[in-house]
Amino acid sequence: MKSILSTQSRLSMKPLAAILLTVLGLTACSQSSEPKTETAQSNASDASAKVYQIGSDMTFPPFEYIENDKPAGFDIDIANQIFAHSGAKVNFVDSRFSNLITGLEAKKFDLVMSALYITKERLDKVDMVPYYMTTEALIALTDSDYKPKTRDDLCGKTIASQKGSMFPKQLHEMSEQSCVAKGKAPITVREFDTSPESVQALLAKAVDAHYDDASVAKSTVEKLKGRIVITSTEPFFPVLGGIAIPKGDKEMLNKVTAGLDAMKKSGEYDKLIAKYNLQAPTDEEIQKYMPK
């Protein structure tokens, strides 16, 4: 049956957007549609080292964001240490999330690290190395009477999510199964180019709630200091996050896997997981949630 959901384009609210992006520390990367290059930490002694270009949407804390005009976050720290094990360096290229996989396919990047969920559809286009696990969460205004806890609470409401991510698809799926199939009003999904713009729409009361990665939701709530709150009480879609590599590039796959394994053995990986309050997948979870 053809979906009866309404998916609408992002709002244009520049003044509020500027305020929100400043609060979240993201102003350096959200004003231009053209990808901008940000260089990771380096020093003169290793100027001749191989530099890998990494595509990333720098509007997604705690995974990646701009701090003091430089890339920062979990993915940046992980990437620097993965490639340090082979004597290489990295350069992060800021691009909107919906353009990352196509950019990798077009060889604009050597790999992509941007809190990408591992899905069957993505594995048809790229290879992926799992390196964290997560689920999703709902955010609502603290002073609102509407505090959605489960998917059933979303029926008939307008929910914001990030364009190009798996979130709109998940919301459509929940709407069909939990709302339409039960004779309830569907979820209206509004898509925005970045997660901060989705939050902006919530703060402007243009949507009823925002649906996002649970770790990102937690970081956003902390930064906005009481204006919004996580209201969901159950996990939605447990999923693995992965590093995207060009399909069939065995050399890059081996380099990333070896660097990540070295980090795990040295304890560096666990320290970063703890620093950013993320979840490391077990071998059993990788087997369970890796798309077949």
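The values are calculated or read from the model by the stated rules, or taken from the named source; none is laboratory data. All values derive from a computational prediction rather than experimental measurement. All Cβ positions, glycine included, derive from the backbone under ideal geometry; neighbour counts span all protein chains shown. What goes into the accessible areas is simple: the full protein's heavy atoms, side chains included, and nothing from ligands, DNA or RNA. Shrake-Rupley method; radii C 1.70, N 1.55, O 1.52, S 1.80 Å.
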Using the structure shown, select from Lys265/Lys292; Lys70/Lys265; Lys147/Lys218; Lys120/Lys218; Lys218/Lys275; Lys70/Lys163 the pairs with a Cα to Cα distance greater than 18 angstrom. Lys265/Lys292; Lys70/Lys265; Lys120/Lys218; Lys70/Lys163
Simple spin-label estimate for Asn277 and Lys250 in nanometres, 7 Å along Cα-Cβ: 4.3 nm
Mind checking which aspartates and glutamates have their Cα closer than 14 Å to the Cα of Lys223? Skip sequence neighbours fewer than 8 apart in that chain. Glu67
With a 1.4 Å probe and every protein chain left in place, work out the accessible area per residue of the range 194-271 in Å², rounded to a whole number. 42 Å²
Using label points projected 7 Å from each Cα along Cα→Cβ, tell me how many nm separate Asp124 and Lys184, to one decimal. 3.0 nm
What's the extension gain from Ser48 to Asp143 if we count 0.36 nm per residue and subtract their Cα-Cα distance? 28.7 nm
Linear extension gain, Lys225 paired with Phe237, 0.36 nm per residue minus alpha-carbon span: 1.6 nm
Could you tell me the calculated FRET efficiency between Lys108 and Asp69, based on Cβ-Cβ distance and R0 = 25 angstrom, to the nearest 0.05? 0.65
Can you give me the distance in nm between label points at Thr135 and Ile286, each placed 7 Å from the Cα along the Cα-to-Cβ direction? 2.2 nm
The answer for the per residue Cα convex hull volume of the range 216-292, in Å³, is 139 Å³
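Taking all protein chains as present, what is the carbon and sulfur share of the accessible area of the range 213-265, in % to the nearest whole number, probe 1.4 Å?
Roughly 53 percent of what the probe reaches on the range 213-265 is carbon or sulfur.
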